[in-house]
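Before any comments, here is the structure.
The values are calculated or read from the model by the stated rules, or taken from the named source; none is laboratory data. The structure displayed is predicted, hence computed values, not measured ones. Methodologically, a virtual Cβ is constructed for each residue, glycine included, from the backbone with ideal geometry; neighbour enumeration extends over all protein chains shown. With ligands, DNA and RNA removed, areas are computed over all heavy atoms of the protein, side chains included. Shrake-Rupley method; radii C 1.70, N 1.55, O 1.52, S 1.80 Å.
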Amino acid sequence: MKTMPNMRPAFWAWVAVAPLLIFLGVLFFFPALSLLGISFGEDQLTFEHYLRIADVPIYRRVLLNTFAISALVTLFCVIVSYPVAYLLATVSPKVRKILFIVVLLPFWTSALVRTTAWIILLQRKGVLNDLLTGAGLIDAPIAFVYNLSGVLIGMTHVLMPFVVLPLFAAFINIDRTLVEAAEGLGAGPYSIGRRVILPLTAPGVIAGATIVFLNSIGYYITPALMGGPGQTMIAMLIADNINRDLNWSLAAALSVVLLLCTVAIFVVFQRVFGLERLLTGSASRGSTAKFSIGNKGRTGGGWLTFACGVAVLIFLIAPILIVFPMSLGSSPFLSFPPESYSLRWFENLFEEAKWMRGVVNSLQAAGVAVSLSVVLGTLAAIGTMRVGRRMRPWLETVFILPMVIPVIILSVGLFYMLAPLGVIGNPATLGLAHSVLAVPYVFITVRASLVGFDRNLELAALNLGASWPVMFRRVMLPAIMPGVAAGAVFAFIQSFDDVVLALFLTNIRSRTLPRVMFEGMVHEIDPTIIAASAMIILLTLTLLAINLLLSRRQS
């Protein structure tokens with residue numbers, strides 16, 4: 001090699017990963033660990049707050065609520081994901097591409113937008129109650145939201161794709177000859193499902209279910225907007241103790257409890273399944289005959305599962321589809337379908353100062369987050385692939401952790417650390433915080449691109465006299481550009497969608513668009529929120545389309 005002849009490659013690998021290690025050390029690990037110190041008292045060592053959590057019934061009830069709701073959401077996600085995964089695995093590749101868009105579109109659409117749509121659909125005067133009463137199925141409206149059913153519907157809709165994707169990977173890797181052998185031995189659809197399909201798809205289900213449960217126990221937005229007092233979860237209690245009671249020590253103790261639960265589940269997941277399953281999805285079994293419908297066509301059970309899969313896909317896409325016509329309604333009261341159409345709410349969105357200021361603040365924060373996370377995540381991915389095999393899993397765990405730890409913990413820790421410095425209320429500060437959440441997405445997508453990168457190309461360029469920077473610019477970067485672009489898109493969406501960090505790190509002048517929408521939804525849903533939701537969906541679709549075009553062009 002022409003460059004760094006006297007240095008071991010491992011040295012430069014550590015130079016590449018060092019910036020992200022330092023960044024996460026300052027803005028992720030230090031704030032999270034500082035909560036541990038606060039939880040034992042700000043002035044003197046005490047276990048008072050942990051004892052209070054154990055003694056006071058409301059805290060025990062909230063903890064129980066959190067785990068019960070998370071378990072129910074995980075169970076529902078698994079149940080409704082099976083028909084979708086079966087449907088994806090048994091249709092033609094062309095149809096599958098379309099269905100994947102239906103699955104992934106809600107996945108990358110703002111959770112706040114989806115929650116808004118569900119509230120409109122499920123409220124007492126909402127679309128579903130209108131349909132049921134109009135059809136004569138019910139006499140009086142049913143309370144679907146502001147209770148447990150609202151929370152379960154909203155969270156299942158948001159988190160279900162985390163199970164669908166690994167479950168589909170498990171389905172598609174089932175060896176079809178196993179199913180054919182079972183049919184040949186006389187097994188019926190029920191026996192094949194119970195004794196062949198379920199055992200072979202169990203690893204994918206467990207991987208997805210673990211991710212859903214980890215996300216659920218730290219949830220804040222959906223239970224806050226779609227639940228009632230009986231559905232208070234631990235993240236909401238942490239925010240209340242800070243915003244209303246100013247009890248930092250108790251909030252820190254609750255955060256530590258939540259943090260320990262999350263880390264314990266993550267460690268068990270890593271020990272049992274390995275981080276590779278989280279990074280790359282379900283591992284292939286190397287089967288040559290992929291899963292598909294049998295030679296005799298779909299059975300009765302297959303058609304029933306097919307119909308259930310279609311129904312679940314409608315459940316996934318419906319809240320997004322109703323946003324567009326409702327955003328064009330002229331009435332100050334939300335209704336579907338609108339009685340008359342106008343652009344008044346879009347005009348309101350672009351004319352009112354608070355909305356436009358929110359858009360500008362969101363774009364500024366996202367600009368910082370994307371720039372920083374792309375540079376740090378790409379360097380770290382390149383460096384991690386070149387360190388020794390013993391250290392690689394540890395580094396990957398460190399870089400993935402911000403994606404696993406509940407956002408409320410990072411928010412509280414950063415607010416406690418940054419408030420005394422006087423930097424709260426600046427979009428750049430929020431962008432730095434968003435970078436912590438965005439960098440794992442860039443790391444994962446670039447790392448996946450590097451797995452397919454032929455290192456012989458790198459060695460050939462270096463041996464032909466190119467310096468490493470020239471080789472990177474002309475050989476490696478073009479090859480991994482789809483991963484970098486995908487990471488940048490995900491980082492932008494992650495930043496533009498965030499509400500929780502914005503609630504802690506912005507003020508009245510630096511509020512982002514999602515925070516303005518959230519505050520509006522807490523009191524009353526202004527139709528301008530629906531117009532903003534439609535704009536966010538269009539922005540997300542545009543970014544995903546650009547990313548898709550770049551990937552195709554690169555291929």
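For the chain, what does the accessible surface come to per residue with a 1.4 Å probe? Please give it in Å². Numbers along the way, then the final one.
Values: 25220 Å² over 555 residues.
Here the residues of the chain average 45 Å² of exposed surface.
For the set R389, R298, solvent exposure ranked by accessible area (probe 1.4 Å, protein chains only) runs largest to smallest as R389, R298.
Assuming a strict under-28 Å limit between Cα atoms, what lysine pair count do you get for the chain once near-sequence pairs (fewer than 8 apart, same chain) are dropped? Numbers along the way, then the final one.
On the way: K94/K290; K94/K296; K97/K290; K97/K296.
Taking the Cα cut-off of 28 Å, the pair count is 4.
Shape summary of region 75-220, radius of gyration then Dmax from alpha carbon positions: 18.4, 54 Å.
Computed over region 312-458, the range of Cα coordinates on each principal axis works out to 64, 46, 29 Å, biggest value leading. Helices meeting the span-like rule in the chain (full DSSP H runs, Cα extent of at least 15 Å along the helix axis, mean Kyte-Doolittle score of 1.6 or higher): 9-24, 111-122, 148-159, 161-172, 248-273, 300-321, 407-418.
Between the alpha-carbon centers of region 254-268 and region 314-328, tell me the distance in whole angstrom. Between the Cα centre of region 254-268 and that of region 314-328, the gap is 36 Å. Once you reduce region 152-220 and region 37-62 to the center of their Cα atoms, the two points are 40 Å from each other. In the chain, taking the dipole from charged Cβ atoms about the Cα centre, the farthest positive-side position among F107, I322, G184 is held by G184.
Solvent-accessible surface (1.4 Å probe) assigned to S92 amounts to roughly 60 Å².
In whole angstrom, how long is each semi-axis of the equivalent ellipsoid of region 427-555, when you take the square root of 5 times every eigenvalue of its Cα gyration tensor and sort them from largest down? Present the calculation step by step, with values, prior to reporting the outcome.
Working: eigenvalues 305, 55, 19 Å².
They are 39, 17, 10 Å, listed largest first.
State the Kirkwood hydrodynamic radius of the chain in Å, one decimal place, computed from all pairs of distinct Cα atoms. Don't jump to the answer; show the numbers that get you there.
Details: mean 1/r = 0.0395 Å⁻¹.
Roughly 25.3 Å, rounded to one decimal.
Here region 37-154 exposes an accessible surface that is 69 percent carbon and sulfur, computed with a 1.4 Å probe and the other protein chains kept in place.
Quick check for me: using +1 on Lys/Arg Cβ and -1 on Asp/Glu Cβ, what's the dipole size of the chain about its Cα centre, in debye to the nearest 20?
Using only the charged Cβ atoms, the result is roughly 1900 debye.
Computed on the Cα atoms alone, the convex hull of region 460-532 gives a volume of 131 cubic angstrom per residue.
Work out how much length F350 to L131 would gain on full extension: take 0.36 nm times their residue separation and subtract the Cα-Cα distance, in nm to one decimal.
On the way: separation 219, 0.36 × 219 = 78.84 nm, distance 3.34 nm.
Extra length from F350 to L131 when fully extended: 75.5 nm.
Let me check something: with ligands and nucleic acids excluded, how do C77, C308, C261 order by accessible area (1.4 Å probe), largest to smallest?
Descending order: C308, C261, C77.
For the pair region 350-403 and region 425-473, the centres of their Cα atoms are 12 angstrom apart. Computed over the alpha-carbon pairs of region 34-156, the distance histogram in 10 Å steps reads 11, 22, 27, 22, 12, 6, 1 percent, short to long. When the alpha carbon coordinates of region 327-412 are projected onto the principal axes, the ranges are 64, 26, 25 Å, largest first.
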